[in-house]
Amino acid sequence: MAERATPSSRAVYKVFRKIGLRWSDNDTYGHMNNVVHYSLFDTAVNAYLIEHDVLDIKGGAEVFLVVETGCRYHAEMSFPDRVTAGIRVAKLGSSSVRYEIGLFRNDEDVAAAEGFFIHVNVDRLSRRPIPFGAKARRLLEPLVIQPD
């Protein structure tokens with residue numbers, strides 16, 4: 001059996017976004033359903049890109065598609081917990097980026113869940129990968145972490 005990973009602290013993440021949970025995020029077991037974790041990852045990253053004018057979801061010539069994702073759960077969360085998502089970049093390529101996201105419950109310093117997803121920058125119409133523009137690269141480069 002694989003050894004369980006130790007949750008990361010807030011200190012390893014570069015930017016943070018607060019996200020409110022909803023009553024409907026709880027499942028029949030009384031905690032946040034696993035699918036909600038993925039939704040929070042997506043919400044945190046895409047809101048960050050939209051707020052910095054890197055992603056225009058309605059009319060931009062390029063969009064980001066998720067091609068791979070994963071999550072490790074360390075502790076339960078449930079409504080009415082407050083969640084803060086920490087974001088960092090593990091790898092920045094010419095047209096793809098691997099985000100790592102930590103979800104922190106209330107004011108806790110260790111992640112309740114940690115996940116990743118890979119975005120590929122694609123042309124909106126052809127859906128073919130295209131290199132990141134200068135603005136996207138300037139936004140993402142400061143989020144890149146150095147390997148251990």
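The values are calculated or read from the model by the stated rules, or taken from the named source; none is laboratory data. This one's a predicted model, so the numbers in the text were calculated from it and none came from an experiment. Reconstructed Cβ throughout: ideal geometry from the backbone, glycine too, with neighbour counts over all protein chains shown. With ligands, DNA and RNA removed, areas are computed over all heavy atoms of the protein, side chains included. Shrake-Rupley method; radii C 1.70, N 1.55, O 1.52, S 1.80 Å.
Exactly one residue out of 68, 62 is in contact with a Lys or Arg (Cβ under 7 Å, 6 or more places away or on another chain) and of a type in the set (Asp, Glu), and it is 62.
When the range 115-146 is filtered for residues that are in a strand (DSSP E or B), of a type outside the set (Phe, Trp, Tyr) and open to solvent by less than 30 Å² (accessible area, probe 1.4 Å), the ones remaining, listed by number, are 115, 119, 120, 121, 122. Scanning the range 58-99 for residues that are farther than 19 Å from residue 12 by Cβ, in contact with a helix residue (DSSP H, G or I) (Cβ under 9 Å, 6 or more places away or on another chain) and among the polar types (S, T, N, Q) yields 69, 78. Yes or no: residue 57 assigned to a strand (DSSP E or B), at pLDDT below 95 and not aromatic (Phe, Trp, Tyr)? The answer is no for residue 57. For residue 51, indicate whether it is within 17 Å of the chain's Cα centre (by Cα) and not polar (S, T, N, Q). Considered against the rule, which asks whether it is within 17 Å of the chain's Cα centre (by Cα) and not polar (S, T, N, Q), residue 51 comes out as yes. Residues that are open to solvent by 60 Å² or more (accessible area, probe 1.4 Å), among the hydroxyl-bearing types (Ser, Thr, Tyr), on the phi < 0 side of the Ramachandran plot and within 12 Å of the chain's Cα centre (by Cα) do not occur anywhere in the range 2-22. If the condition is being of a type in the set (A, V, I, L, M, F, W, C) and either at pLDDT 95 or above or surrounded by 20 or more Cβ atoms within 10 Å (Cβ to Cβ) (or both), then the range 31-54 contributes 32, 36, 40, 41, 44, 45, 47, 49, 50, 54. Taking first residues from the range 16-45 that are part of a helix (DSSP H, G or I) and partners that are open to solvent by 60 Å² or more (accessible area, probe 1.4 Å), the Cβ contacts under 6 Å between residues at least 6 apart in sequence or on separate chains come to 23/79; 25/79. Among the residues of the range 117-139, those identified as without any contact (Cβ under 8 Å) to a residue 60 or more places away in the chain and either closer than 14 Å to residue 54 by Cβ or under 18 Å from the mean Cα position of the chain (by Cα) (or both) are 118, 120, 121, 131, 132, 134, 137, 138. Of the residues making up the range 55-64, none is of a type in the set (Asp, Glu), surrounded by fewer than 19 Cβ atoms within 10 Å (Cβ to Cβ) and under 17 Å from the mean Cα position of the chain (by Cα). Looking across the range 75-109, the residues that are part of a loop (DSSP other than H, G, I, E, B) and closer than 29 Å to residue 62 by Cβ come down to 93, 94, 95.
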